[in-house]
Amino acid sequence: MDLWTAAASRLSLRSPARVAARMSAFARAERGSQLDMLLAASQTQDLTLASQFLRHAHDESRHARAFANRARELGEDGWIHADGGRLLRQLGPAKFLAFVHQGEARAIQRFLVIQDTLTQNGDTRSAAIFGALLDDETRHASYTRTALDSVAENPAAELRNARRWSLWQGYRRLTASTAKGLHDAGAWLLYLSLFPLAFWLRWVRPVRSGWVESAPERGPQ
Ligand SMILES: [Fe+2]
Ligand SMILES: [Fe+2]
């Protein structure tokens, strides 16, 4: 993933506007994660795990604000709109912990690469945000792995299941965005190909617009 993230980072962080858009995307992801953690805390019977979920939610809230503030400094509106909160119910406790653990581990690698790219680009202020969040993400990856080991009979199988589920979600997102792209391209193609026909019809059958005078009434003859 490092090579892919490095290449994608170089492309997606080339200008302040692109950095701002990326910051906004991270703010949404962190806010979504916060909502998932809050609901997870409310649904677990294990008080230690509930307190770890709550601390995690608090961390993600800070992360979301940090990214949104930087996005605002770079010209975005900084509004954070995110969905979340359904993951635990959807996956069950073991797969949820496996999924969150993998997401946090991926975030650490991604943050390191993006921090490096931003530093090379001279945007040390944005780079510092990623650096400041790394300790939190490392703690999130660590406690979710420990909790997974205590909850799951076969943690390795749960990690495999979570990876498959994550790949399936990525595939669904890709097909949805591809379908939307094809739909938009098809609509434009149809519009552009029908334009000459519409122009010709307008020319051969001009539409009368504005006030239309009625025919003068005929008097008795
Ligand atoms: Fe985070
Ligand atoms: Fe995290």
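Just so you know, all these numbers are worked out from the coordinates, no wet-lab data involved. For clarity, every value in this text was computed on a predicted model and none was experimentally measured. Cβ sites come from the backbone with ideal geometry, for glycine too, and all protein chains shown count toward neighbours.
Some points to look at:
- Based on C-alpha pairs under 8 angstrom that are at least 6 apart in sequence, the chain has a relative contact order of 20 percent.
- Positive-end ranking of S33, T48, A68 along the dipole of the stretch 1-74, with charges on Cβ about the Cα centre, is headed by A68.
- Dipole magnitude of the chain about its Cα centre (Cβ charges: Lys, Arg +1; Asp, Glu -1), debye to nearest 20: 720
- Computed from Cα atoms, the angle from the helix 2-12 axis to the main principal axis of the chain rounds to 40 degrees.
- Dipole of the chain, positive direction: furthest Cα of L87, A185, S15, with charges on the beta-carbon: A185
- Calculated over the stretch 155-204: convex hull of Cα atoms, volume per residue (Å³): 33
- Under Karplus coefficients 6.51, -1.76 and 1.60, residue-wise ³J(HN,Hα) of the stretch 59-70 in Hz, glycine/proline x: 4, 5, 5, 4, 4, 4, 5, 4, 5, 5, 5, 5
- Proximity of backbone amide H atoms, modeled 1.01 Å from N, is registered between G85 and D36 at under 5 Å, excluding neighbours fewer than 5 places apart on the same chain.
- Helical runs assigned H by DSSP (4 residues or longer) give the chain a calculated mean residue ellipticity at 222 nm of -28500 deg cm²/dmol, each run adding -39500 (n - 2.57) before division by the residue total.
- Set against the 2.2 N^0.38 Å expectation for a compact globular protein, the chain has a Cα radius of gyration ratio of 1.56.
- Charge dipole (debye, nearest 20) of the stretch 155-204; +1 at Cβ of Lys and Arg, -1 at Cβ of Asp and Glu: 200
- Positive contributions from Lys and Arg (+1) and negative ones from Asp and Glu (-1), summed over other residues with Cβ under 13 Å from the Cβ of E104, come out at -3.
- All other residues whose Cβ lies under 11 angstrom from that of A94 are scored, Lys and Arg at +1 and Asp and Glu at -1, for a net of -2.
- Each semi-axis of the equivalent ellipsoid for the stretch 57-96 is √(5λ) with λ an eigenvalue of the Cα gyration tensor; in descending order they amount to 29, 11, 6 Å.
- Spin-label pair R55-T138: with each label point 7 Å from Cα along the Cα-Cβ axis, the two points sit 1.5 nm from one another.
- With the charge dipole of the chain set up from +1 on Lys and Arg Cβ and -1 on Asp and Glu Cβ about the Cα centre, the Cα lying farthest toward the positive end among the listed residues F195, T146, L118 is that of F195.
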